[in-house]
Structures are given as C-alpha cells and as structure tokens.
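Enquirer: Okay, here's the structure, questions in a sec.
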Amino acid sequence: MTRQYICGGVMMKTRLTTLLGIDVPIIQGGLANLAYAELAAAVSNAGGLGQITATSLNESGELRAEIRKTRFLTSKPFGVNLAISQHHDIDGLLDVIVDEEVPAVSLTGGNPEPILQRLSGRPICKLVLVAAVRQAVKAEQLGADAVMAVGQEGGGHIGRADTGTMVLVPRVVDSVSIPVVASGGIADGRGLAAALALGAEGIEMGTRFVATQECMAHAAYKEALVKGQENETVVIKRSIGAPGRVLDSTWVEAILREESVGTTAKALYPYITGQRNKLAALEGHLDEGFAWAGQSMGLIHDIPTVAELFETMVETAQAMSKRLQQCW
C-alpha cells in the first residue's frame with residue numbers, strides 16, 4: 001500500500017515514497033562519523049528515510065549492533081550508506097546488510113557494480129549517488145532502483161564536473177526512468193518544492209541534518225553551520241581527484257596550500273584522515289581538522305529536532321506549491 005503524508009490537508013506522494021515505504025520524500029545523507037542509530041531512527045520516525053553510515057564503523061559486528069539498535073528505536077524503514085573504498089571491508093559489511101535484511105542501501109563513491117550485483121534479486125532498495133548524467137544512466141543499467149543526483153553545492157564528496165543541482169537534476173530526470181532524488185544545496189521546504197518542480201521524486205540532505213538535536217556532531221560544528229554563510233565553504237582534495245566540500249578553517253587552508261604546490265596523495269593523506277574529520281566534527285576542534293559542509297549552511301538558522309524540521313519543511317513546501325499555483 002502506498003503511504004501518504006498528510007500536512008494541512010495536503011497529501012504528499014511520489015514514486016520515492018512508494019518505493020521506500022516512507023511518508024515524506026526526504027532521505028538523510030550518509031554523514032561520515034555522525035549517522036548512527038539515534039539520528040537514523042529520528043529521521044525514519046519523522047517520516048523520511050534515516051541512514052546508518054557503515055564505513056565509519058570499525059568492523060561488521062558494530063554495523064550489526066547499530067542496525068539492531070535502529071530497529072529498537074523505530075519500526076519504520078531505514079537504510080545503510082556504504083561509502084565504497086578500498087580501505088574498508090565492504091564484503092563483510094554487505095554480509096551483515098543482507099543477513100539483517102536492511103530495507104535500503106545507498107552507495108556513494110567508487111564503482112557500485114559489484115555491490116549492485118551482490119544485492120540483485122534481494123528485497124533491498126538500491127540507491128546510488130551520482131554527480132553526472134552518464135553515472136546515472138550506468139547506475140540504472142546496473143540495477144539501481146533510484147539515483148541521487150548531487151550538485152556541486154553539496155557538502156562532502158561531490159562530482160568533478162562542478163555541475164549545479166539546478167541543472168544536474170533535470171538532466172538526470174530526462175536521462176533515466178527510475179526515480180531521481182535531488183541533493184546538494186537543499187536545507188528547507190523551498191528546496192523540497194524546487195526539487196519536485198525539477199522532476200525529482202524527493203530530496204537527500206546532509207548538512208541540514210548535522211544541525212539537528214539528534215545528531216551527535218559537536219556543538220561548535222552545529223553552531224558554525226548556523227552562523228556561517230554559503231560562501232564560507234571550500235572544496236578540498238581536487239588535486240587527488242576526490243573533491244569534497246568542507247567548512248573553511250585554518251586546517252583547511254593548510255590542506256589547500258599543500259594542494260597548490262602539487263603534493264602527492266600520499267603526502268596529503270595526513271591532512272585528510274578520518275581522525276582529522278573526527279577532531280572537528282565530534283570534538284569541536286574546527287581548526288585542527290575538517291568538517292564537511294555544503295553551501296546550504298547559508299540557509300540554516302536553528303538547531304531543531306528532526307520532527308520539528310520535517311514539519312516546517314512540509315508546511316513550507318506546501319506554501320510554495322500554493323504560491324506557484326497562484327502564478328497561473
């Protein structure tokens with residue numbers, strides 16, 4: 001049965017809500033070192049799709065425990081995000097995902113083909129993050145159930161082509177038949193309404209969920225997102241072919257200086273380790289590490305609960321829909 005979200009008498013239904021069995025077409029991004037059971041369950045309980053970030057965990061047993069904790073906190077669908085990397089035991093994590101019958105998996109970075117093949121035929125919804133039309137087309141050919149198209153405004157890892165969300169989303173919508181989820185630069189109900197107007201079936205947000213009460217990010221990180229403007233993010237790791245958008249900081253400026261002199265990936269690695277991300281995101285030492293952030297931080301003005309965020313976003317999207325109808 002297709003579930004419908006009712007807010008102010010308006011029913012919200014898209015192919016994404018039907019596919020995932022959720023009430024609101026909003027997906028929480030992977031959020032390295034931050035997306036665990038508490039946040040995932042809060043998002044799912046609010047009507048969206050919450051996610052656990054698998055590759056921030058040390059081993060498969062931790063993932064199993066986090067999945068079971070999420071199930072204890074919510075009876076609604078949730079997902080597991082897999083950031084494809086040669087540094088992680090993806091096979092072991094996949095074994096757990098399959099064994100635990102997780103409702104959905106999202107794949108980011110790297111080649112998703114082996115994982116999509118492994119999950120083929122199983123009752124697990126497969127979503128793939130893409131930053132280009134050719135990636136979206138390939139993902140559909142490989143068996144993805146939906147693609148999440150991220151524009152260059154997004155936080156974390158983005159595409160190399162610097163294509164903005166406003167252009168990328170309709171291009172992908174025109175190029176595939178599966179549902180498209182808009183990502184990058186979205187933090188409120190206006191972004192949700194705009195994404196639907198572009199032909200997307202829903203949205204994915206990362207930065208906005210960092211600045212919520214249920215997220216385990218350090219208060220200094222959240223406060224930086226609230227006080228910061230859209231022009232206070234920069235892109236690092238371009239020199240090694242893995243661009244990612246972060247909060248500007250003293251440490252980030254050091255990374256950029258290293259990149260400007262043509263350093264190697266090996267030499268850059270000490271600056272961009274997961275530990276440096278934890279120092280900023282979890283411990284609040286923003287000038288001793290780096291914290292992922294998208295340009296949508298310019299739209300973040302508070303730190304609500306996830307439920308409060310969803311209510312406000314749906315009400316705003318509804319108001320934007322009415323506003324558009326009045327234009328004709």
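Enquirer: Please find, within the range 239-257, the residue that is farthest from G155 (Cα to Cα) out of those that are in contact (Cβ under 8 Å) with a residue 40 or more places away in the chain and out of contact with any Leu (no Cβ under 9 Å at 6 or more places or on another chain).
Expert: Only one residue fits best here, namely G241.
Enquirer: Among all residue pairs at least 6 apart or on different chains, which show Cβ distances below 7 Å where the first residue, located in the range 99-124, is within 12 Å of A83 (Cβ to Cβ) and the second is among the hydroxyl-bearing types (S, T, Y) and at pLDDT below 95?
Expert: G109/S85; G110/S85
Enquirer: Continuing with this model, one more query. Which one is surrounded by the fewest Cβ atoms within 10 Å (Cβ to Cβ) among residues in the range 46-67 that are under 12 Å from V96 (Cβ atoms) and of a type in the set (A, V, I, L, M)?
Expert: This residue is A65.
Enquirer: Identify, by number, the condition in (1) under 22 Å from S85 (Cα atoms); (2) surrounded by 22 or more Cβ atoms within 10 Å (Cβ to Cβ) that L247 doesn't meet.
Expert: It fails just one condition, (1).
Enquirer: To continue, here is another question. Name the helices (runs of 4 or more DSSP H) wholly within the range 27-145 that hold at least 2 residues that are among the charged types (D, E, K, R), modelled with pLDDT of 95 or more and under 21 Å from T212 (Cβ atoms)? Step through it out loud before you land on a result.
Expert: Numbers: elements: 37-45, 60-73, 90-99, 113-119, 133-142.
The helices (runs of 4 or more DSSP H) meeting that bar are 60-73.
Enquirer: For the list (1) free of Cβ contacts under 8 Å to residues at least 40 places away in the same chain; (2) surrounded by 15 or more Cβ atoms within 10 Å (Cβ to Cβ); (3) of a type in the set (G, A, S), I need the number of the one condition that S260 fails.
Expert: Answer for S260: the failing condition is (2).
Enquirer: Among the residues of the range 194-204, is any over 26 Å from K13 (Cα atoms) and crowded, with 19+ Cβ neighbours inside 10 Å?
Expert: no
Enquirer: I need a count of the residues in the range 223-243 that are within 19 Å of A187 (Cα to Cα) and in a helix (DSSP H, G or I).
Expert: Number of matching residues: 5.
Enquirer: Every residue in the range 23-55 that is within 22 Å of V130 (Cβ to Cβ) and polar (S, T, N, Q), please.
Expert: Those that are within 22 Å of V130 (Cβ to Cβ) and polar (S, T, N, Q): Q28, Q51, T53, T55.
Enquirer: Out of (1) under 15 Å from H218 (Cα atoms); (2) surrounded by fewer than 16 Cβ atoms within 10 Å (Cβ to Cβ), what's the single condition that is false for W328?
Expert: Answer for W328: the failing condition is (1).
Enquirer: Among residues belonging to the range 13-22 that are touching a residue at least 40 places away in the same chain (Cβ under 8 Å) and assigned to a loop (DSSP other than H, G, I, E, B), point out the one that is nearest to K222 (Cα to Cα).
Expert: So the residue we want is I22.
Enquirer: K278 is checked against (1) more than 18 Å from S85 (Cβ to Cβ); (2) surrounded by fewer than 22 Cβ atoms within 10 Å (Cβ to Cβ); (3) touching a residue at least 40 places away in the same chain (Cβ under 8 Å) and fails just one. What number does that condition carry?
Expert: (1)
Enquirer: Quick one: T263 ticks every box in (1) at pLDDT below 95; (2) closer than 21 Å to A83 by Cα; (3) not hydrophobic (A, V, I, L, M, F, W, C) except a single one, so which number is it?
Expert: Failing condition for T263: (2).
Enquirer: Report yes if V252 is surrounded by 14 or more Cβ atoms within 10 Å (Cβ to Cβ), out of contact with any Gly (no Cβ under 8 Å at 6 or more places or on another chain) and in a strand (DSSP E or B), otherwise no.
Expert: No: the conditions fail for V252.
Enquirer: Taking the range 263-275 on its own, how many of its residues are part of a helix (DSSP H, G or I) and either among the hydrophobic types (A, V, I, L, M, F, W, C) or surrounded by 16 or more Cβ atoms within 10 Å (Cβ to Cβ) (or both)?
Expert: 4
Enquirer: So, in the range 132-150, exactly how many residues are more than 16 Å from N111 (Cβ to Cβ) and either surrounded by fewer than 24 Cβ atoms within 10 Å (Cβ to Cβ) or over 16 Å from the mean Cα position of the chain (by Cα) (or both)?
Expert: So in the range 132-150, the residues more than 16 Å from N111 (Cβ to Cβ) come out as 133, 145-146, 148-150.
With the extra rule that they be either surrounded by fewer than 24 Cβ atoms within 10 Å (Cβ to Cβ) or over 16 Å from the mean Cα position of the chain (by Cα) (or both), the set shrinks to 133, 145.
Here the count works out to 2.
Enquirer: Restricting to the range 279-325, name every residue that is assigned to a helix (DSSP H, G or I), closer than 17 Å to V246 by Cβ and within 18 Å of the chain's Cα centre (by Cα).
Expert: Filtering the range 279-325 down to residues assigned to a helix (DSSP H, G or I) leaves 279-281, 295-299, 306-325.
This time we only want the ones that are closer than 17 Å to V246 by Cβ, so: 279-281, 295-298.
Residues satisfying the conditions are A281, Q295, S296, M297, G298.
Enquirer: Would the range 158-165 turn up any residue that is within 15 Å of the chain's Cα centre (by Cα) and in a helix (DSSP H, G or I)?
Expert: Yes, the range 158-165 contains a residue that is within 15 Å of the chain's Cα centre (by Cα) and in a helix (DSSP H, G or I).
The values are calculated or read from the model by the stated rules, or taken from the named source; none is laboratory data. As the structure is a prediction and not an experimental result, all values here were calculated from the model. Heads up, the Cβs are rebuilt from the backbone with ideal geometry, glycines too, and the neighbour counts pull from every protein chain shown.
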